[in-house]
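The structure under discussion appears below in the form of structure tokens.
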Amino acid sequence: MGGTIILRSCSSLFFASLITLSLCLLAPIMGHKTEVVFIDPLTPIRLTPAPKQQATPPKKQQKPQTIAPLPKLPAPPSPKQPPLKKITALMRPLQVELPPLRAASIPSPPLPDTATLNSGFAAGIFDLSAVDTPPRVQKYIPPLYPAKAKGKGLEGSVVIRCIVTPKGRVRDMRVISSEPSGYFDRAALKAVAKWTFIAAKAGGKRVAVYVDIPITFTLDL
């Protein structure tokens, strides 16, 4: 029994060797190349689980800081102003002396009676010597110095004859004398035309009167 088993094993090995030899001999004939591939033994790989990420604790919300209000500073005391004094300005009319007219040039009418006084200006034009109260300047505007005369360094004077009406207005102006002639006439007439007067009175009534107004032009040094 044992010899039979050994014989069968030897036969198997013999046939296997023949088959292997046959294949080796047939391989070059068939034109196929046989490559022997050596396979490395597999190395077991250990799988390591990824480390667990630690949970980040939630940030604490900062409470808004409450800023204490600044203490109110006391307002600086306002400087005491002295009480304003009431100032009353008294406007006084400029007093201008008006020379009387010559009797030969303008006849002086007689003093009016009651009937003529009631008629006002129709009673006539009076001379300064025939009135009770002479006219007084109420509004005075100084004349402008002529540029032509100023450029030449000239000084002079003008006498203007006019009528002051019962309303204190000026009318019928004319130059009766000027020195030097032709330099100051126009400036004097323009100024006097803007003057107003407190009218003259005769018998308690306002009347018209002739006046001569002298105006002197002097350079300021």
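The values are calculated or read from the model by the stated rules, or taken from the named source; none is laboratory data. Fair warning: this is a prediction, and the values are worked out from it, not measured in the lab. When we count neighbours, we look across all protein chains shown, and the Cβ atoms used for this are built from the backbone with ideal geometry, even at glycine.
Descriptive notes on the structure:
- When residues in the stretch 168-201 are screened for being surrounded by 18 or more Cβ atoms within 10 Å (Cβ to Cβ) and farther than 23 Å from L219 by Cα, 5 of them pass.
- Here A149 passes the criteria (1) in a helix (DSSP H, G or I); (2) modelled with pLDDT of 95 or more; (3) not charged (D, E, K, R) except the one numbered (2).
- Residues that are among the hydroxyl-bearing types (S, T, Y), touching a strand residue (DSSP E or B) at 6+ places or on another chain (Cβ under 7 Å), in a loop (DSSP other than H, G, I, E, B) and without any contact (Cβ under 8 Å) to a residue 40 or more places away in the chain, drawn from the stretch 164-206: Y183
- Scanning the stretch 128-145 for residues that are touching a residue at least 60 places away in the same chain (Cβ under 8 Å) and either surrounded by 14 or more Cβ atoms within 10 Å (Cβ to Cβ) or outside any loop (DSSP other than H, G, I, E, B) (or both) returns L128, A130, V131, T133, P134, P135, R136, V137, Q138, P143, Y145.
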